């Protein structure tokens with residue numbers, strides 16, 4: 001299973017062609033790409049026009065959507081944050097902590113285009129590209 005982060009979906013919906021959007025395009029027809037509820041909310045919030053919002057909502061509705069956080073993931077995210085902070089790394093966004101921790105704990109590969117996820121590789125985050 002592969003989870004694509006908001007950073008890739010935004011470029012994808014904006015028609016940007018790069019390594020990450022090309023990979024996502026291929027994965028959508030060959031692999032099980034899943035959606036996270038937090039990522040879904042972030043993506044859909046970005047649309048200004050109702051027509052674009054509705055098209056994206058319909059298209060993304062075909063993906064299996066998983067709840068990214070629960071009590072276990074929340075606690076593990078806090079532990080991961082504290083571990084990284086002790087190493088001198090401060091993660092800026094709680095959503096990134098939750099997404100990365102979800103992927104680590106569930107052995108889900110993350111496709112992202114966001115340097116904020118790089119420190120999570122020392123915690124075992126599996127990434128594409």
Contour excess over end-to-end distance, with Cα ends at residue 63 and residue 79 and 0.36 nm allotted per residue: 2.8 nm
Roughly how many nanometres apart are two label points built 7 Å out from the Cα toward the Cβ at residue 54 and residue 92? 3.5 nm
On a C-alpha basis, how far is the centre of region 3-26 from the centre of region 74-120 in Å? Whole number, if you could? 20 Å
Expected max-MSF residue from 94, 30, 19 in the GNM of the chain (alpha carbon, under 10 Å) is 30
Among 99, 72, 34, whose mean-square fluctuation peaks in a Gaussian network model of the chain (Cα, cutoff 10 Å)? 72
For the residues 62, 102, 83, what sequence is obtained by ranking on other C-beta atoms within 10 Å, fewest first? 62, 83, 102
Segment residue 129-residue 107, extension gain: residue separation times 0.36 nm, minus the distance between their alpha carbons: 6.3 nm
Could you list 65, 103 so that the one with the fewest beta carbons within 10 Å of its beta carbon is first and the one with the most is last? 65, 103
If I stretch the segment between residue 31 and residue 14 completely, what's the gain in nm (0.36 nm per residue apart, minus their alpha carbon distance), one decimal? 3.9 nm
Could you tell me what percent of the DSSP beta bridges with both partners in the chain are antiparallel, to the nearest 5? 0 percent
Go ahead and set up a Gaussian network model of the chain, Cα springs under 10 Å, then flag whichever of 96, 114, 37 fluctuates most. 114
Relative contact order (%) - the chain, alpha-carbon pairs under 8 angstrom, separation at least six: 31 percent
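Readers should treat all values here as calculations from the given coordinates under stated rules, not as data from a laboratory. Small disclaimer: the values here were computed from a predicted structure and weren't measured. A quick note on method: Cβ atoms are made from the backbone with ideal geometry, for glycine too, and the neighbour counts reach across all protein chains shown.
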